[in-house]
Amino acid sequence: MQIQCPDYVLTAIKLLENSGYEAYAVGGCVRDSVMGKCPNDWDMTTSALPEQCFEVFKNYKIIPTGIKHGTVTVMIDTHSIEITTMRIDGNYKDNRRPESVEFTDRIAEDLSRRDFTVNAMAYNPERGITDEFGGKNDIKDKIIRCVGNPDKRFKEDALRILRALRFASVLGFDIEKNTSESIIKNKHLLHNIASERIRTELIKLLTGQNAEKILTDYCDVIFEIIPELKPLYGFNQRTEYHIYDIWSHTVKAVAAIENEPELKVVALLHDIGKPEKFTVDENGTGHFKGHPAISAEKSRVILKRLRFPNKSVDKICKIISLHDLRPDGSEKQLKRWCGRYSAEIMLDTFKMMKADSAAQNPVFYNDRMKLYNKCEKITEKIISEKACISIADLKVNGRDISSLGAKGKEIGNALSFLLDCVIDGKICNEREELLNKAKEFISDKNF
């Protein structure tokens, strides 16, 4: 099989081979090429030692990105390419990185240390694909399988546990039986992995095409990294609106929501506070009053622990806190909500509401979707028309109201009154009308 390598990769291979070394494209770029996809990044491995790479690429910018482990980054035609010396890893420290490496000139030895067979292939334009562990067959059969002993692979680097789930989700592959059993057995090792790494893999998993299946089949792994989710599993909601337990409902909401990372996280965490707020009425019906607020509180703790950016934390928690609002479909109500929370937050909240409904009893689906679609259209209209939805949008300000005789908090009260009048359609957002209405308000209050 011929792989179309970019010119800058071919240049790097040619320079290394002309200097007497072997060189290959390796890893994800080969996997993607075999699958007929266009790789985002190209990595290489070579028999040349790092100091020899410096000599080979002396006419190019070269960065010692990981000399200890044999990696340099070379800039060729504005493109960066990581080139790592073929190596055998020593003992791993803290289930994450090898304490030492031993360089080798045998490609098979280098490939044997890699995580999964689909990532353990190398390519050279003259030699073709080197596939010592059946990566091509596993791609054809849509299988994620560890190279060699899965227990050893996961104990070397526990992040590979989440990487396996991520690849299965993103690629739509199944996980081979021995690899799957080892994932469950070694899931506790994830406690040794940095929060940032877990966050990155989790987001990629959630945005994968196979996320629903992975979250269902490997919920114990998810509960290992977010233990607050475990009480959702098997929790009977005891209401006609729900035909699934809370965890199954959550998984289906994740699958239903728009494929945007922050929204996927919203769907994953939106009902995390439900078990704490569960009550049963005299008819045996379950209720979860107040669960959005506690879900948002718990989510903030989780997101901080996983080192999400503050801006993302605020956005995700805000949507979670609002996801159980009850819109009536009126423009007046939506203007007030947009003014209070922002129109963009409300649009994302309606996306969560739609996903929520898609994961509930289908009997109620059509009516709710009609309502939420209507709310989205009105909100988009509010945005496009730049409607007056906040005091800051009024064409008068506090100084104008003060000049009419209002003082202190009554200035704010007058502005709030004017905003209500504009939203209710009683007056237009025009300076003269606003001032006249403000005079009436102040006169009625006998300032």
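The values are calculated or read from the model by the stated rules, or taken from the named source; none is laboratory data. Please read all numbers here as calculations on a predicted model, not as lab measurements. Backbone-built Cβ (ideal geometry, glycine too); neighbour counts: all protein chains shown. With ligands, DNA and RNA removed, areas are computed over all heavy atoms of the protein, side chains included. Shrake-Rupley method; radii C 1.70, N 1.55, O 1.52, S 1.80 Å.
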- Item | Eligible aspartates and glutamates near LYS177 by straight Cα distance, threshold 17 Å, same-chain separation 8 or greater | ASP115, ASP138, ASP141, ASP151, ASP217, ASP220
- Query: With θ set to phi - 60° and the Karplus curve 6.51 cos²θ - 1.76 cosθ + 1.60, what are the ³J(HN,Hα) couplings of the range 379-391 in order, to the nearest whole Hz, using x for Gly and Pro?
  - Reply: 5, 4, 5, 4, 5, 5, 8, 6, 5, 6, 10, 8, 4
- Task: Output the pairs from LYS152/LYS204; LYS311/LYS386; LYS142/LYS264; LYS264/LYS332; LYS395/LYS426; LYS204/LYS230 with a Cα-Cα distance over 18 Å in this structure; if there are none, say none.
- Result: LYS152/LYS204; LYS311/LYS386; LYS142/LYS264; LYS264/LYS332; LYS204/LYS230
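For the range 377-447, state which GluC sites (Glu not before Pro) are in a DSSP loop and have at most 13 other beta carbons lying within 10 Å of their beta carbon. Walk me through the numbers on the way to the answer.
Values: sites: GLU380, GLU385, GLU410, GLU430, GLU432, GLU433, GLU440; in loops: GLU385, GLU430.
When the GluC sites (Glu not before Pro) of the range 377-447 are filtered for loop state and at most 13 Cβ neighbours within 10 Å, GLU385, GLU430 remain.
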- In terms of the charge dipole of the chain, which places +1 on Lys and Arg and -1 on Asp and Glu at the beta carbon, the residue among TYR218, ILE391, LEU334 farthest towards the positive end is ILE391
- Dipole of the chain, positive direction: furthest Cα of ASN186, VAL9, ALA48, with charges on the beta-carbon: ASN186
- Query: Once both axes come from the Cα atoms, what is the angle between helix 195-206 and the longest principal axis of the chain, in degrees from 0 to 90, rounded to 10?
  - Reply: 80 degrees
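Which value at 222 nm does the chain reach when only helices count, each DSSP H run of 4 or more adding -39,500 (n - 2.57), with the total divided by all residues and rounded to the nearest 500 deg cm²/dmol? Before the final figure, lay out the partial values.
Working: 21 runs with 222 residues, N = 447.
Taken over the chain, the calculation gives -15000 deg cm²/dmol.
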- Task: Using a 1.4 angstrom probe, figure out how much accessible area the range 116-170 has per residue, in square angstrom, rounded to the nearest whole.
- Result: 36 Å²
- Task: Relative to the longest principal axis of the C-alpha atoms of the chain, give the angle of the C-alpha long axis of helix 310-322, reported between 0 and 90° and rounded to the nearest 10°.
- Result: 50 degrees
- Note on the structure: Among [x] 94, 60, 37; [y] 64, 58, 41; [z] 59, 57, 42, the value of Cα extents along the principal axes in Å computed for this structure carries the label [x]
- Task: Would you list, by chain and number, the aspartates and glutamates whose Cα falls below 17 Å from the Cα of LYS315, excluding same-chain residues fewer than 8 positions away?
- Result: GLU258, GLU260, GLU262, ASP271, GLU297, ASP324, GLU344, ASP348
- Rounded to whole Hz and in sequence order, give me ³J(HN,Hα) for the range 109-122 from the Karplus expression 6.51 cos²θ - 1.76 cosθ + 1.60, θ = phi - 60°, writing x for Gly and Pro. 5, 5, 5, 5, 8, 7, 6, 10, 4, 5, 9, 10, 10, 10
- Summarise the long-distance tail of P(r) for the range 187-275 by giving the % of C-alpha pairs beyond 18 Å. 42 percent
- Task: May I ask you to list the lysines whose Cα is less than 19 Å away from that of LYS68, ignoring any residue fewer than eight positions away on the same chain?
- Result: LYS93
- Within the range 260-291, DSSP-loop trypsin sites (Lys or Arg not before Pro) with at most 11 other C-beta atoms within 10 Å are LYS289
